[in-house]
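So the structure is just underneath, and the comments pick up after that.
The values are calculated or read from the model by the stated rules, or taken from the named source; none is laboratory data. Bear in mind that the values here come from a model prediction, so they are computed numbers and not experimental data. Methodologically, a virtual Cβ is constructed for each residue, glycine included, from the backbone with ideal geometry; neighbour enumeration extends over all protein chains shown. Accessible surface is based on the protein model in full, side chains and every heavy atom, while ligands, DNA and RNA are left aside. Shrake-Rupley method; radii C 1.70, N 1.55, O 1.52, S 1.80 Å.
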Amino acid sequence: MILRLALKQLWREWVSGELRLLLIALVVAVTATCAVGFFTDRVERALVRQSSEFLAADLVMRSARPAQDDLRAQATSRGLAYSEQLIFPSMLAAGDAMLLASIKVVDAAYPLRGLLHIADQPGAPTRTVHSGPVAGEAWLEPRLLDSLQLAIGDEVELGRTRLRVSAVLMQEPDRSGGLFSLQPRALINRADLDASGVIQPGSRVSYRYLFSGPESEIPNLQRWLTPRLKPGQRVISVDEDNPTLGKTLSRARSYLNLSGMLAVVMAGAAIAMSARRYSTRHLDGAALLRCFGLSQRQILQLHACQLLIAGTAACVLGVLLGWLAQFGLLALLSNLLPQALPAAGITPALVGFLTGILVLIGFALPPLLSLARVPPLRVLRRELLPLPAAAWLVYGLAATLILGLMWYYSNSLNLTLVVAAGGGLVSLVLAITGWGLLALIRRIPGPLTWRLAHRNLQRHRHATLSQLLAFGITLGAMALILLVRSDLLDTWQSQLPAEAPNHFLINIQPHEQQPLADYLQQQAIGHSGIYPMVRGRLEAINGAAATKRLPPDSPGRRALTRELNLTWASELAADNRIESGRWWHASDAGKPLISLEQSLARDLNVGLGDRLRFSFGTATLEAEVISLRSLDWGSLRPNFYVIFPPGGLEGLPASFITSFYLPQERQQQLTGLMQQFPTLTLLEVERLLGNIRLIVAQVSLAVEYVLLFVLAAGLTLLGTALASSLDQRLQEGALLRTLGANSATLRSLLVQEYLLLGAIAGLLAALLDEAVLFGLYRIVLDLPYRPNPILWLATITTGAGLVGLSGYIATRRVLAQSPLRVLREL
């Protein structure tokens with residue numbers, strides 16, 4: 001009986017529109033979570049499926065220097081296949097064209113796992129091969145062929161050697177997606193490396209040693225390798241490490257999921273408002289059913305059954321829309337993903353569906369409890385019972401549920417607590433500000449309709465504050481979506497100094513330093529100076545091992561996992577400033593002293609007088625910190641975290657680095673430069689910045705795509721907030737008309753009330769956006785930030801117009817119905 005009655009009432013209420021906003025909010029929430037869920041599930045399963053191919057082996061040892069042990073003998077003695085490769089940046093040239101490329105040098109055994117994909121011509125069908133190019137040949141990615149205007153069969157220059165381009169390199173098994181491919185790849189044979197002469201002391205080379213074979217022997221080899229690892233070396237296995245792309249996508253999943261969870265939270269608030277209005281409008285009906293003999297439990301079952309049936313249908317629709325929406329997200333990030341993705345699984349659909357049901361229960365159940373407690377006497381006496389104490393417990397359960405979902409989706413308790421605390425603090429600040437603004441407008445004089453409008457807002461202050469929060473957050477989200485994309489990158493670009501260096505030269509050898517300086521002077525190419533550079537690893541702080549001194553979550557540990565670029569200088573660079581301590585005197589030459597960049601010092605928790613020990617292969621050097629410096633990284637000039645006095649790094653192998661600006665019309669001079677100095681590595685900053693901008697644009701598009709769900713949830717919340725006060729405004733309008741107010745007066749009252757509500761919400765949105773943008777500029781991007789007057793004007797005007805128009809449309813029935821009919825309905 002309960003089910004049949006629930007279905008009849010559900011159909012009637014669907015036709016009348018009672019549950020429309022509630023179900024729309026639920027559909028938005030499920031769509032957002034499913035779209036992100038389907039996307040991340042497909043990518044992660046693709047990465048797991050291809051995990052062995054991502055390494056091109058079963059075990060890999062990476063090293064910044066050639067390995068000292070005889071790894072080939074160890075592999076052979078254990079029955080394992082073995083391969084070596086080198087990866088380094090270098091310039092490729094063809095005629096007058098040149099381009100910085102990532103050179104991978106492989107032997108005949110590569111790859112041990114997976115296949116190489118090549119094509120015989122650009123645009124030709126791809127075929128798979130089991131080994132790399134033979135001696136004298138090179139395989140180039142399509143981007144290199146296009147940039148250098150090469151065809152298959154042409155020759156390309158690498159240092160002092162020429163190689164014939166024999167194939168188009170389409171895919172390597174151990175290379176991640178485009179997110180880290182700022183430099184296009186060239187694949188060459190190990191036999192051609194020595195003749196090129198591009199590897200010099202101080203060159204940035206990554207060595208990889210690959211092993212493959214029986215599963216029983218791989219762990220034994222790993223146990224033998226681990227205790228013998230030197231600084232800068234790392235062993236990677238399929239089981240313990242994902243490729244870099246996988247890690248990045250995992251972090252991106254947390255961010256996208258949190259964005260989706262924001263849509264869920266806003267949709268949950270809309271559901272709560274809709275359910276409260278639903279319960280309020282059904283109090284009389286519930287009392288009448290109590291008169292017909294239904295118990296409190298049956299009343300609760302009846303309405304809960306209605307919501308669950310409608311909610312199930314909404315969740316199913318949300319899952320279908322989420323499945324469709326994930327294709328848009330995949331299209332936006334297509335260049336960053338593995339080429340082949342598996343079909344969507346069932347797990348994201350189940351998680352999204354369950355999320356929708358839990359949100360519905362958590363936010364809609366508390367108002368339903370008031371329906372179950374309605375006494376039959378309400379048919380004659382229309383007093384409203386207060387919300388039972390149990391409902392507040394359910395609201396607490398709903399909050400706990402949301403925190404749990406955020407934790408599940410972000411996979412980080414700290415991030416969840418920070419987001420939750422930040423959201424709560426923002427809501428509290430906005431509520432207090434809104435409360436103060438409501439009190440302030442009482443002092444503003446005006447005509448009768450103005451006084452009635454702001455007094456009406458003050459009389460229902462709690463409902464007004466909830467609407468202000470809903471409108472303010474929605475308007476703030478809309479403004480941020482527009483501002484971040486259009487303004488942030490332009491502001492960053494505008495901070496670059498005029499004629500900032502757009503080219504870097506690295507791997508300059510000592511004997512090339514003076515000839516290079518003379519050549520640049522002859523060609524009238526101004527440079528920032530030629531700086532020495534020594535690669536060293538931070539080993540100890542004040543005599544204690546640095547890895548033991550710093551906790552695992554310390555940001556300073558980043559400096560321990562890589563080699564640092566150290567230099568010496570007699571004069572302080574123009575974009576450096578001493579913050580504490582002193583620069584050295586002439587008498588400090590050759591002494592073990594250092595000047596440390598202040599942010600690195602903060603991360604390492606060191607200061608003046610502390611001693612740092614660096615290792616340089618087999619050599620070590622300990623030096624005392626005598627000054628802390630601030631740097632202008634935006635100058636695009638060579639800068640260093642650690643500087644020694646002249647002679648402080650005596651006897652250690654060093655290379656040199658410089659930067660210079662060359663306008664577009666003089667780019668042809670680069671050809672002569674690289675012909676004169678073929679072993680140097682030319683880094684074109686503009687090209688890299690262009691690639692970075694492209695990547696940022698792609699990722700920001702994906703984030704905006706997810707934020708559209710947040711916007712949809714916010715608009716649903718706005719409509720729900722308006723509808724939540726509709727009945728009250730209908731009743732008040734009917735009473736005013738009964739007391740003699742004409743349509744013009746009532747229209748003016750409603751318009752002014754909603755215009756005022758929207759303007760205050762726009763002001764709160766501007767405050768919220770200013771705070772977010774200030775943190776983004778100053779803390780995250782370290783850019784100067786100026787308040788945006790246009791933002792304030794736009795949000796206040798848009799808020800007043802949008803809320804005013806929406807409110808007027810939502811309540812226009814007040815002007816169209818007779819007072820008697822409205823009072824009878826309510």
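Name the residues of the range 560-602 whose amide N is less than 12 Å from a point 7 angstrom out from the Cα of Asp632 along the C-beta direction?
So the set is 573-577.
Under the 0.36 nm per residue contour assumption, what length would be gained going from the current alpha-carbon distance of Thr547 and His117 to full extension?
Extra length from Thr547 to His117 when fully extended: 150.7 nm.
Among Asp120, Asp588, what's the order by accessible area (1.4 angstrom probe), most exposed first?
Heavy-atom accessible area, descending, gives Asp120, Asp588.
Stretched out fully, how many nm does the piece from Arg666 to Ala191 gain, at 0.36 nm a residue minus the Cα gap?
So the chain would gain 167.4 nm between Arg666 and Ala191.
How much of the accessible area of the range 73-188, in percent, comes from carbon and sulfur atoms when a 1.4 Å probe is used?
Exposed carbon and sulfur together represent 48 percent of the surface.
With each label point set 7 Å from Cα along the Cα-Cβ vector, what nm distance links Asn605 and Ala331?
With each label placed 7 Å out from Cα toward Cβ, I get 5.1 nm.
Just grab the label-to-label distance for Leu229 and Asp70, each label 7 Å out from Cα along the Cβ direction, in nm (one decimal).
2.5 nm
For Arg62 paired with Leu793, estimate the spin-label separation in nm (one decimal), with each label point 7 Å from Cα along the Cα-to-Cβ line.
Between Arg62 and Leu793, the simple spin-label model gives 5.1 nm.
Over the range 90-186, average the accessible area per residue using a 1.4 Å probe and give it in Å², no decimals.
Ligands and nucleic acids excluded, the result is 40 Å² per residue.
Could you calculate the FRET efficiency of Asn220 with Arg4 from 1/(1 + (r/R0)^6), where r is the beta carbon distance between them and R0 is 56 Å, rounded to 0.05?
Plugging the Cβ-Cβ distance into 1/(1 + (r/R0)^6) gives 0.20.
Would you please give the residues with an amide H less than 5 Å from that of Ile508, counting only those at least 5 places away or on a separate chain, with H modeled from the backbone geometry?
Phe656
Taking all protein chains in place and a 1.4 Å probe, what share, in percent, of the accessible surface of the range 198-237 do carbon and sulfur account for?
Here it works out to 53 percent.
Amide H to amide H under 5 Å from Arg577: which residues, 5+ apart in sequence or cross-chain, H placed 1.01 Å off N in plane?
Ser630
Using a Förster distance of 22 Å, how high is the FRET efficiency between Glu624 and Glu650, based on the Cβ-Cβ distance and rounded to 0.05?
So, using R0 = 22 Å, E works out to roughly 0.85.
Relative to the present Cα-Cα distance, how much length would full extension add between Lys591 and Ala439 at 0.36 nm per residue of separation?
48.0 nm
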